[in-house]
Amino acid sequence: MSCSIFMLFLALFISTLEQSVSISAGSQRAILRAISNNQDSEKPDFGVELNATNFDTVLKDTPAPYAIVEFFAHWCPACRNYKPHYEKVAKLFNGADASHPGIILMSRVDCALTINSNLCDKFSVKHYPMLLWGPPKKFVGTGWDPKQENSEIRSIENGRTADILLGWINKQLGSSYGFDDGKYENEHLQKNFSDPAQIATAIYDVEEATSTAFGIILDHKMIRSGTRASLIRFLQLLVAHHPSKRCRKGSANILVDFDNLCPSEILSVNNEEADSCSKKGELGNYQICGKEVPRGYWMYCRGSKNDTRGFSCGLWVLLHSLSIRVEDGESNMAFRTTCDFIHNFFICEECRQHFYDMCSSVSNPFKKARDYALWLWRAHNKVNERLMKDEASLGTGDPEFPKVIWPSKQLCPSCYLNPGEKSKENSKIEWNEDEVFKFLVSYYGKELVNLYKEKELQAVGGTEKTVNEELVASTNAVVVPLGAALAIAVASCAFGALACFWRSQQKNRKPRRSWN
């Protein structure tokens, strides 16, 4: 009897021990899996994955002047071993935390995928991994033949380690990039503020600022019954005069569907924000400047420190670019629309109130686009004067980009009545406002779209007609013939009414039949 009881207890003990070991082993495996997953999540891919469907689009739209494309196969052991080296270099140039964004787009194409077979054949991929270097536009709509002479696409014959690849890049660019470079280094930025061509890179920052502003509005649920009309008017302004074609198109798409996406009835019931008008609703699926934006970094507006310039700079460039594109008949509408937009949607309380006070000081309606553009220029300088004092006392300014009265004498000497001197009567700069206005029109008009003009001309299938249409649509203050100015001004007066009518027509249109 006692022996049987002993054997029973022994069996129970062994069973419990086995379960304990099993649970312990399972727990250890679970912990190891969690650690492994965490480690993987902490190492995101910085090389941009491309395939046959997005290859041309991404390379055509990147602001980077250079691109590296790695052709690999996911089953290739050498490719798997090379990936950490490639990613180490890609981290310097790609992503929001890059040390040198906007210089090189580092991308990858998996040739083992059937969808990419023709693409890899077009670039004569005979071994893995294979690296090609060149201007992004040269990869678009074309291929590469190793026997081809004078091709701007080149094979990187020796980039087998991160150090060797970065050394090869530095040799091509005459740079000295290193793996210890911190975020937002400014080595590649032009520091010569007298060079007007700098503004050409700001077209990307205007897109970035537009997308960022739209994202803030949705994130903070800022569309309410009292702000809804203000946003609609600002979208109308963007549709007509945004310097970026894709932002005009994206704004139009939102405007057409706005009544369905964010019905006024929902907001008027509680006078509060509605989820349907936020990122949680369908409105959150709309990309105001296309799927490539936001990119996560700034170019013209990038500061030497992470917390300087950026969005505020990009927003100012957007407002200036709008101010020189409106016609006389639209000037007061554009002024009120801009003031209401900043008052309702700019999230910095002190800045918002200061801008509102400047708007409130205007007693007479603007009748000329020139007057509105100059008012915005003076307002920007007032803000700079205020921030100069605050940043000097608190030490919060950007040492590489201090606030200044703008434009400088080097940038526009004709803007100053007495270059190099100040008025003895009021100790203030005496401006030649006619020259200032000419400068604003050129700087935020022709110069701003310079890069777009070049890309349109160089794009495969692009024509001079396409460029001219883009410039007419986005810089009419510069290129519209003088004889047509009056007619355009009259037509512009009706813009708000026509836009509202257009939206109502789109709202009431019959839905298309679906095959589903």
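The values are calculated or read from the model by the stated rules, or taken from the named source; none is laboratory data. All figures in this text were calculated on a predicted structure; none of them were measured in a lab. A quick note on method: Cβ atoms are made from the backbone with ideal geometry, for glycine too, and the neighbour counts reach across all protein chains shown. SASA here: full protein model, heavy atoms, side chains in, ligands and nucleic acids out. Shrake-Rupley method; radii C 1.70, N 1.55, O 1.52, S 1.80 Å.
Points to keep in mind about this one:
- The charge dipole of the range 216-367, taken about its Cα centre with unit charges on the Cβ atoms of Lys, Arg (+1), Asp and Glu (-1) only, comes to about 640 debye.
- Simple spin-label estimate for Asp45 and Phe179 gives 2.2 nm between the two label positions (7 Å along the Cα-to-Cβ direction from each Cα).
- Pairs from Lys245/Lys368; Lys88/Lys138; Lys245/Lys291 whose Cα-Cα separation, in the structure shown, is over 20 Å: Lys245/Lys368; Lys88/Lys138
- Cα gyration tensor of the range 48-173 - equivalent ellipsoid semi-axes, whole Å, descending: 20, 17, 15
- In this calculation the C-beta distance from Lys389 to Asp219 is compared with R0 = 45 Å, giving a FRET efficiency of 0.90.
- Potential lengthening of the chain between Glu157 and His127 amounts to 9.6 nm, from the contour at 0.36 nm per residue minus the alpha-carbon distance.
- The range 48-173, relative contact order in percent, only Cα pairs under 8 angstrom and at least six apart counted: 33 percent
- Estimated distance in nm for a label pair at Asp398 and Cys348, the labels positioned 7 Å out from Cα along Cα-to-Cβ: 1.2 nm
- For the listed peptides 100-108, 355-363, a ranking on the average number of other beta carbons within 10 Å per residue, highest first, reads 100-108, 355-363.
- Added length on full extension, which subtracts the Cα-Cα distance from 0.36 nm per residue, Ile429 to Glu282: 47.9 nm
- Percent carbon-and-sulfur accessible area, the range 48-173, ignoring ligands, DNA and RNA, probe 1.4 Å: 48 percent
- Take the Cα of Ser361, step 7 Å toward its Cβ, do the same at Asp145, and the gap between the two points is 6.7 nm.
- Cβ-defined net charge surrounding Cys415, 13 Å radius [Lys, Arg +1; Asp, Glu -1]: -1
- Over all other residues within a Cβ to Cβ distance under 15 Å of Met358, the charged ones net out to 0, with Lys and Arg as +1 and Asp and Glu as -1.
- Backbone geometry of the range 81-91 corresponds, through the Karplus equation with coefficients 6.51, -1.76 and 1.60 at θ = phi - 60°, to 3J(HN,Hα) couplings of 6, 7, 3, x, 5, 5, 5, 4, 6, 4, 4 Hz, x marking Gly and Pro.
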